[in-house]
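Trainee: I have a structure I would like to understand better, so I am pasting it below and will then ask my questions one at a time.
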Amino acid sequence: MEAVAERNSTVRPVTAASSARPQLGQILVERGKIDPAELERVLRLQATSATRERLGSLLTTLGVVSAREVAQALAVQSDLPYVEASAFPEMPILEERISARFLRDARALPIEETEDALTLAVADPYDDFTLRSFELVSDRKVHRVVAIGSEVDSAIERLYGGGRTQVAQLSDGNLEAQFEGEAVGADVQQLKDLASEAPVIRLVSLIITNALEARASDIHVEPFENRLIVRYRIDGVLHEIESPPKRLAAAVISRVKIMANLDIAERRLPQDGRIRLRIQGKEIDLRVSTVPTMHGESVVMRILDKGGVTLNFDKLGFETDILARFQTALAQPNGILLVTGPTGSGKTTTLYTALDQLNQPDVKILTVEDPVEYQMPGINQIQVKPQIDLTFANALRSIVRQDPDVIMIGEIRDLETAEIAVQAALTGHLVLSTLHTNDAPASVSRLLDMGVEDYLLTSTLVGVLAQRLVRTLCGECKTPHTMDADTALEIGLARLAGSPRPTIYKPVGCHHCGNTGFTGRICIVEMMPMTEPLRRLIMKKANASEIRAAALAEGMQPMYDNGLRKVLAGITTVEEVLRATREG
């Protein structure tokens, strides 16, 4: 930070009236963060606003751009450096001379001091009063750097305000008193009014925004007897976060239900809904599920980030040889191609990636899904609605008459759906679907157990892909480790590495990965194309283990080996592969 101070030693205070500096909106347009038409719309809104809210604040409030992008643009506009929260100090500076209240009002944080200079992180680089105040208090030259306002606020609370966070602040005061007592649950209108109060709206928004920043895939809001628990699922693992007090449970859950257009009066039956939001410039869908429990309704929000979906087989973790086999099956003019695995193993993403590859002007694609997770241009997607008897089977009967080339079925759950899928494949359609089985060979036994005839299965099935998700090591902090010979031999790494003591990588944890050692997930897969030897075994009523042995003899790479190859490549860990493959 001394270098930061030196760079700013010649920076003169810039006033808001300066005509030489570029406009904030123009900087964001030039950096590709906002298009000119959208900027014009926000400027018109700002002009008609009674409060005349600043442009940067208005842009983040509307979700057009992120707070980080606004702060970086302000840094460019004011010709000051931009800093991340990682540059903030661990201990307070000038604690005995300045109050937490003054820091909160100024949104300014001292981040480094020397004998003759003080470096100050500010949310507003044009606040000259704060600059002069710190020069008087510290009796030093003050150099400003620009930081995100919310990060400055959090650091001030952590260092000067007793560590109270935004969640704690929003949960304080009269708000808690309003929700005290069981009477609130009896009056639906009162509950609706209280759930629409500004603190509750901000609290729920904060929970969702923090989940996005933490790269969470799901938000769990769970009421228990003495507390309300909020948990984020990050890279497949649940992490408990700071939660609002129990007395706010009804208000928070009702707010989520209002956003999802659910019936807040109905607390005895499960409900499903959807929330569409624009946060930090991205279109976000939240799939909401509520179920009644002993102490209130449990809510789970699945975050569907349209911009965050990777529709690329290489990035999903498909090696060249496995991808070649999968794409050979995908190129068939008709037949059934299955993707199997437990819930949350990335099956839908794999199917969407396959559809994205097949999506050409001369190919008509129809899907039947429950729910439609991501909307894809050029593909006709049907949402299953059991309440009006629009089931997988009923929808499939109709869409076959729509003359599609490719049909995607969200899941084969019963014999009726399986039979229609088989008939569609026999009449010249390529059918893609998912199935819940532990591995690829078990899918054959599962369909036979459902009641599908063996001769129909051998005629239509072109291949089965089984997959799991494992966490990927953080590239910033992973460290090499030489495995001992006995362990490497026991788990099979020595066999694949061609070395008795292979080098693998271990997670450490840093600020890039939230101290978990992992960032993101990747697939480990096994691909079983349908061959003549396998068809003969199916006709002989062979069991899953016999089919597996034949598939391995035909060249199928087991999922476990695929995972170990990713361990040797430094992508994941042995523990992750063992966890994923043993769960099945």
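Trainee: State all residues of the stretch 241-254 that are among the hydroxyl-bearing types (Ser, Thr, Tyr) and either in contact with a Pro (Cβ under 9 Å, 6 or more places away or on another chain) or open to solvent by less than 20 Å² (accessible area, probe 1.4 Å) (or both); if no residue qualifies, say none.
Mentor: So in the stretch 241-254, the residues among the hydroxyl-bearing types (Ser, Thr, Tyr) come out as 243, 254.
Matches in the stretch 241-254: Ser254 only.
Trainee: Sticking with this structure for a sec: Return the pairs, sorted by first residue and then second, in which the second residue is of a type in the set (Ser, Thr, Tyr), the first residue lies in the stretch 550-574 and is at positive phi, the beta carbons are less than 8 Å apart, and the residues are 6+ apart or on different chains.
Mentor: If the second residue must be of a type in the set (Ser, Thr, Tyr), the pairs left are Gly570/Tyr505.
Trainee: Still on this structure: Report whether or not Thr340 is modelled with pLDDT of 90 or more, of a type in the set (S, T, N, Q) and under 22 Å from His436 (Cα atoms).
Mentor: Numbers: modelled with pLDDT of 90 or more: yes; of a type in the set (S, T, N, Q): yes; under 22 Å from His436 (Cα atoms): yes.
The answer is yes for Thr340.
Trainee: Hey, another quick one. Give just the number: which of (1) of a type outside the set (Phe, Trp, Tyr); (2) more than 22 Å from Glu69 (Cβ to Cβ); (3) at pLDDT below 90 does Val291 not satisfy?
Mentor: The number of the failed condition is (3).
Trainee: Any chance you could count how many residues in the stretch 381-399 are open to solvent by 10 Å² or more (accessible area, probe 1.4 Å) and either among the aromatic types (Phe, Trp, Tyr) or under 9 Å from Leu366 (Cα atoms) (or both)?
Mentor: Number of matching residues: 3.
Trainee: Go through the stretch 201-240 and report how many residues are among the charged types (D, E, K, R) and open to solvent by less than 50 Å² (accessible area, probe 1.4 Å).
Mentor: Within the stretch 201-240, residues that are among the charged types (D, E, K, R) and open to solvent by less than 50 Å² (accessible area, probe 1.4 Å) number 3.
Trainee: Within the stretch 447-458, can one find any residue that is surrounded by 14 or more Cβ atoms within 10 Å (Cβ to Cβ) and in a strand (DSSP E or B)? Can you show your working first?
Mentor: Initially, the stretch 447-458 is screened for residues surrounded by 14 or more Cβ atoms within 10 Å (Cβ to Cβ), giving 447-448, 450, 452, 454, 456-458.
Checking the rest, the ones that are also in a strand (DSSP E or B) come to none.
Checking the stretch 447-458: not a single residue is surrounded by 14 or more Cβ atoms within 10 Å (Cβ to Cβ) and in a strand (DSSP E or B).
Trainee: If you don't mind, another one. Report yes if Arg521 is under 29 Å from Leu457 (Cα atoms) and open to solvent by 70 Å² or more (accessible area, probe 1.4 Å), otherwise no.
Mentor: Details: under 29 Å from Leu457 (Cα atoms): no; open to solvent by 70 Å² or more (accessible area, probe 1.4 Å): yes.
Spelling it out, it is not the case that Arg521 is under 29 Å from Leu457 (Cα atoms) and open to solvent by 70 Å² or more (accessible area, probe 1.4 Å).
Trainee: On to the next question. Residue check: is Leu534 among the hydrophobic types (A, V, I, L, M, F, W, C) and either at pLDDT 95 or above or open to solvent by 40 Å² or more (accessible area, probe 1.4 Å) (or both)? Please lay out each step first, then the result.
Mentor: On the way: among the hydrophobic types (A, V, I, L, M, F, W, C): yes; either at pLDDT 95 or above or open to solvent by 40 Å² or more (accessible area, probe 1.4 Å) (or both): no.
Against the criterion (among the hydrophobic types (A, V, I, L, M, F, W, C) and either at pLDDT 95 or above or open to solvent by 40 Å² or more (accessible area, probe 1.4 Å) (or both)), Leu534 does not qualify.
Trainee: Of all residues being touching a strand residue (DSSP E or B) at 6+ places or on another chain (Cβ under 8 Å) and of a type outside the set (Gly, Ala, Ser) in the stretch 77-91, which is nearest to Tyr126 (Cα to Cα)? Just the residue, please.
Mentor: Within the stretch 77-91, the first condition is being touching a strand residue (DSSP E or B) at 6+ places or on another chain (Cβ under 8 Å), and the residues that meet it are 78, 80-83, 87-89.
Now restrict to residues that are of a type outside the set (Gly, Ala, Ser): 80-83, 88-89.
On the way: Leu80: 11, Pro81: 14, Tyr82: 14, Val83: 16, Phe88: 21, Pro89: 23 Å.
Checked the stretch 77-91; the qualifying residue nearest to Tyr126 (Cα to Cα) is Leu80.
Trainee: Does the stretch 498-515 contain any residue that is modelled with pLDDT of 90 or more, open to solvent by 30 Å² or more (accessible area, probe 1.4 Å) and under 30 Å from Leu447 (Cβ atoms)?
Mentor: no
Trainee: Within the stretch 498-520, can you find the residues that are closer than 16 Å to Glu213 by Cα and outside any loop (DSSP other than H, G, I, E, B)?
Mentor: Scanning the stretch 498-520 gives Phe518, Thr519, Gly520.
Trainee: In the stretch 395-426, what count of residues is obtained for those that are of a type outside the set (A, V, I, L, M) and either modelled with pLDDT of 90 or more or under 19 Å from Gly451 (Cβ atoms) (or both)? Steps first, answer last, please.
Mentor: Looking only at the stretch 395-426, we keep the residues that are of a type outside the set (A, V, I, L, M), and these are 397-398, 401-405, 410-411, 413-414, 416-417, 419, 423.
The next check asks that each one be either modelled with pLDDT of 90 or more or under 19 Å from Gly451 (Cβ atoms) (or both); those that pass are 397, 404-405, 411, 413-414, 416-417, 419, 423.
Selection size over the stretch 395-426: 10.
Trainee: Something else now. Determine which single condition Glu554 fails, assuming it passes every other condition in (1) closer than 18 Å to Thr458 by Cβ; (2) surrounded by 16 or more Cβ atoms within 10 Å (Cβ to Cβ).
Mentor: Here Glu554 clears every test but (2).
Trainee: Of all residues in the stretch 103-121 being acidic (Asp, Glu) and out of contact with any Leu (no Cβ under 8 Å at 6 or more places or on another chain), which is most open to solvent (accessible area, probe 1.4 Å)?
Mentor: Glu115
Trainee: Just to be sure I understand, how many residues within the stretch 540-584 are in contact with a Phe, Trp or Tyr (Cβ under 6 Å, 6 or more places away or on another chain) and modelled with pLDDT of 90 or more? Give the steps one after another, and end with the answer.
Mentor: Initial filter on the stretch 540-584 (in contact with a Phe, Trp or Tyr (Cβ under 6 Å, 6 or more places away or on another chain)): 570, 581.
Subsequent filtering for residues that are modelled with pLDDT of 90 or more retains 570.
Number satisfying all stated conditions: 1.
Trainee: Okay, next question. Output the residues belonging to the stretch 75-102 that are in a helix (DSSP H, G or I), open to solvent by less than 70 Å² (accessible area, probe 1.4 Å), out of contact with any helix residue (DSSP H, G or I) (no Cβ under 6 Å at 6 or more places or on another chain) and over 18 Å from Ala117 (Cβ atoms).
Mentor: Of the stretch 75-102, the ones in a helix (DSSP H, G or I) are 75-78, 85-87, 100-102.
Within this subset, residues satisfying the condition of being open to solvent by less than 70 Å² (accessible area, probe 1.4 Å) are 75, 77-78, 85, 87, 100, 102.
Checking which are out of contact with any helix residue (DSSP H, G or I) (no Cβ under 6 Å at 6 or more places or on another chain) leaves us with 75, 78, 87, 100, 102.
Scanning the stretch 75-102 gives Ala75, Ser78, Ala100, Phe102.
Trainee: Looking only at the stretch 278-305, count how many residues are in contact (Cβ under 8 Å) with a residue 60 or more places away in the chain, within 22 Å of Ser243 (Cβ to Cβ) and either open to solvent by less than 40 Å² (accessible area, probe 1.4 Å) or in contact with a helix residue (DSSP H, G or I) (Cβ under 7 Å, 6 or more places away or on another chain) (or both).
Mentor: Within the stretch 278-305, residues that are in contact (Cβ under 8 Å) with a residue 60 or more places away in the chain, within 22 Å of Ser243 (Cβ to Cβ) and either open to solvent by less than 40 Å² (accessible area, probe 1.4 Å) or in contact with a helix residue (DSSP H, G or I) (Cβ under 7 Å, 6 or more places away or on another chain) (or both) number 9.
Trainee: Looking at Leu473 and the list (1) modelled with pLDDT of 90 or more; (2) over 27 Å from Val372 (Cα atoms); (3) open to solvent by 20 Å² or more (accessible area, probe 1.4 Å), which single condition is not satisfied?
Mentor: (3)
Trainee: Could I ask something else about it? Please find, within the stretch 537-549, the residue that is least open to solvent (accessible area, probe 1.4 Å) out of those that are of a type in the set (Lys, Arg) and touching a residue at least 12 places away in the same chain (Cβ under 8 Å). Even if it seems obvious, please write down each step before you answer.
Mentor: To start, the set of residues in the stretch 537-549 that are of a type in the set (Lys, Arg) comprises 540-541, 548.
Filter once more, so that each one left must be touching a residue at least 12 places away in the same chain (Cβ under 8 Å): 541, 548.
Numbers: Lys541: 140, Arg548: 63 Å².
Among those residues, the one meeting the criterion is Arg548.
Trainee: Please tell me if Leu564 is hydrophobic (A, V, I, L, M, F, W, C), surrounded by fewer than 19 Cβ atoms within 10 Å (Cβ to Cβ), touching a helix residue (DSSP H, G or I) at 6+ places or on another chain (Cβ under 7 Å) and closer than 23 Å to Phe326 by Cα.
Mentor: No.
Trainee: Report the residue count in the stretch 332-379 for those that are in contact with a helix residue (DSSP H, G or I) (Cβ under 9 Å, 6 or more places away or on another chain) and either basic (Lys, Arg) or without any contact (Cβ under 8 Å) to a residue 24 or more places away in the chain (or both). Break it down stepwise before answering.
Mentor: Filtering the stretch 332-379 for residues in contact with a helix residue (DSSP H, G or I) (Cβ under 9 Å, 6 or more places away or on another chain) gives 334-342, 345-346, 349-350, 353-354, 357-358, 364-370, 373-376, 379.
Checking which are either basic (Lys, Arg) or without any contact (Cβ under 8 Å) to a residue 24 or more places away in the chain (or both) leaves us with 364.
So the count comes out to 1.
Trainee: Taking helices (runs of 4 or more DSSP H) that do not extend beyond the stretch 521-584, which have at least 1 residues that are among the β-branched types (Val, Ile, Thr) and touching a strand residue (DSSP E or B) at 6+ places or on another chain (Cβ under 7 Å)? Outline the logic, then answer.
Mentor: On the way: elements: 532-539, 544-553, 559-568, 574-583.
Answer list for the stretch 521-584: 559-568, 574-583.
Trainee: Which of the residues belonging to the stretch 476-497 are surrounded by fewer than 20 Cβ atoms within 10 Å (Cβ to Cβ) and among the basic types (Lys, Arg)?
Mentor: Arg495
The values are calculated or read from the model by the stated rules, or taken from the named source; none is laboratory data. What you are looking at is a predicted structure, and each value in this text was computed from that prediction instead of being measured. Note that each Cβ is placed from the backbone with ideal geometry, even for glycine, and that neighbours are counted across all protein chains shown. Just so you know, the surface numbers come from the protein's heavy atoms only, side chains and all, with ligands and any DNA or RNA stripped out. Shrake-Rupley method; radii C 1.70, N 1.55, O 1.52, S 1.80 Å.
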